[in-house]
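Values in this text are rule-based calculations from the coordinates and carry no lab data. Here the structure is a predicted model, which means the values were calculated and not measured. In this analysis, Cβ positions are derived from the backbone assuming ideal geometry, glycine residues included, and neighbour counts consider all displayed protein chains.
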Amino acid sequence: MQFKYKLAVSFAIFGLLILAVFAVQWVYTIQTANTTVGNYNLNETFSAASFLYGPQAWVPDVSKLPIMPGVEANGNGNFYVMLVDLNATSNLGATYPCVRVDYSFIGLHGTAAFHVYAYIKEKGGIQWTNRVEGDGASGFYVTAQAGPSNILANPKPLPNFHNICVKVSNKEGAAFNEYGNNTYLMEFDKPGGGLNVLHITTDPRNPDGNITATSNLTGTFYLDFTGHSVMEDFLLFVAVNGTIGNNFQLNLKSSVPT
Amino acid sequence: MNWRKYFSVYELSFLSLMATLVCVITIFLKTPIKVPGHMAIFFVIPFIIGIGVTRKFGSGLFMGVLAGLLIGLIGTGDKGILNVFEYMAMGITMDFLALVFKGHLGNVLVGCIIGAFGSFAKLLVNYYVISATGLSANILIIGIGVTGTAFLVFGGIGGVISSAVLNRIQHIHFLNQNLYKTQKPKT
């Protein structure tokens, strides 16, 4: 075959390959996502006493990440935080692997921010979280009519943004209780790393996630991971500001769609 | 054919250097581009230059095995030693294409095709390895349109660069094998 024909055939294959990959993607993404709730991996109600840390304006990572887009991470924050072990991870056999989280607030007088963290035992701890701001950011924020900030007596701000052991607020304790004190080691040692694989989304068909701000005190969102590392356990970092009174309740349910 | 002398020491050294360069690029070169597969623009270059300089079938495979082993064993590869299959696939694909377009590796269009198909072969094997090891292949398929196109396009751009570089270095004395073959000892 002449050189020019070889080249023409090659570029035709080049074009066909591009069409083929988009065809494969299209065939896959027209499938519906199963979001049916099976058995709950977690069904627990948390109260004001469940906040173990704060007040602060940041969440842990390789540096302080703002607790919400637009918040100054190094400023004086008034968010109280708790880490909740969802005791669940994505089912990799599912069409859209994810963990479903159903939340319900009572007595929310301010803003609640949800962030996801993930754990792999072999890697020695938590090294991943969702990006809060910029390209690829995702998050879920619930806002109710704000009341004046009150001071909770017991919580203390997290001592550092990485290489810290953070205690979970679950009654059952940590699902992977490596240290025997219901804590997880948050170890972010790669500059800029760990922010691209975890996502919070309202549609499992969009695994890269999105930022959602809502005033619904009851709702659902999904957590997922992309990339090659298979997460063993998802944890939810819940931050609330405003008035946190004795009537405050947050019910969280986690389940894994198949 | 004497397989032990298939590659000369010069060729083996050069191919090993190119394979190491692939490893170094993969580990140390970080770019702000957030499109998956954009690194193909860089890592196809040593492969095509290696194949173009030695002009021997199997050069791509040699570099692929060596680069895959280095990346897998040093531990920066996300799939460990299984990375070797990705780079092997890329090397073999480029070897066959270099055979098809024998004598035209300096043509930028040929470089584009070799780079694009080589990096696409790497992507396909990557998916196969992920599926075979039970990792999250479903998630990756959701974005295969953009990822596949990126591997083809960035690999193609890398190939164009490689061919341009090959055109510039083919005249260099020590790379010209014919000179060695025809050189006779002085009497």
Karplus ³J(HN,Hα) for segment A:28-38 (6.51 cos²θ - 1.76 cosθ + 1.60, θ = phi - 60°; Hz, whole; x = Gly/Pro) runs 6, 7, 7, 5, 7, 8, 7, 10, 5, 7, x
Which order results if A:Ser255, B:Ser13 are arranged by neighbouring Cβ count within 10 Å, fewest first?
-> B:Ser13, A:Ser255
Fewest to most neighbouring Cβ within 10 Å: what's the order for A:His162, A:His115, B:His171?
-> B:His171, A:His162, A:His115
Roughly how crowded by other chains is peptide B:102-110, in terms of the mean Cβ count from those chains within 10 Å of each of its Cβ atoms?
-> 2
Given chain A, what percent of its DSSP beta bridges are antiparallel, to the nearest 5?
-> 90
Return the long-range amide H neighbours of A:Phe46 (sequence gap of 5 or more, or a different chain), with a cut-off of under 5 Å between placed amide H atoms.
-> A:Leu250, A:Asn251, A:Leu252
Which links in B:Lys79/B:Lys122; A:Lys6/B:Lys102; A:Lys64/A:Lys253; A:Lys121/A:Lys253 stretch past 20 Å when you go from one Cα to the other?
-> A:Lys64/A:Lys253; A:Lys121/A:Lys253
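Identify the trypsin sites (Lys or Arg not before Pro) of segment B:1-72 meeting these criteria: DSSP loop state and at most 15 other C-beta atoms within 10 Å of the C-beta.
Answer by residue number: B:Lys30, B:Lys34, B:Arg55.
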For B:142-152, mean number of other protein chain Cβ atoms within 10 Å = 6
The answer for A:Phe188, listing residues at least 5 apart or on another chain whose modeled amide H is closer than 5 Å to its amide H, is A:Asn163
Among B:116-126, A:90-100, the order from most to least packed when residues are scored by Cβ within 10 Å on average = B:116-126, A:90-100
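Using the 10 angstrom Cβ neighbour count as an exposure proxy, how do A:Thr36, A:Thr29 rank, fewest first?
Details: A:Thr36 9, A:Thr29 17.
With the sparsest Cβ surroundings first, the list reads A:Thr36, A:Thr29.
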Shielding by partners for A:200-212, please: the mean number of other protein chain Cβ atoms within 10 Å of each residue's Cβ.
-> 1
Would you mind pulling out the separation of the Cα centroids of segment A:210-251 and segment A:23-76, in Å?
-> 4
Under the rule of -39500 (n - 2.57) per DSSP H run of 4 or more residues, summed and divided by the residues of the protein assembly as shown, what mean residue ellipticity at 222 nm is obtained, to the nearest 500 deg cm²/dmol?
-> -12000 deg cm²/dmol
Size of electric dipole in the protein assembly as shown: Cβ of Lys, Arg +1 and of Asp, Glu -1, about Cα centre, debye, nearest 20 | 2160
Determine Rg/Rh for the protein assembly as shown; Rg is computed over alpha-carbon atoms and Rh is the Kirkwood hydrodynamic estimate from the same atoms.
-> 1.10
With contacts defined as alpha carbon pairs under 8 Å and 6 or more residues apart, what's the relative contact order of chain A in percent?
-> 35
Quick one: Karplus J couplings for segment B:145-160, per residue in order, coefficients 6.51, -1.76, 1.60, θ = phi - 60°, nearest Hz, x for Gly and Pro?
-> x, 5, 4, x, 5, 5, 4, 5, 5, 5, x, x, 5, x, x, 4
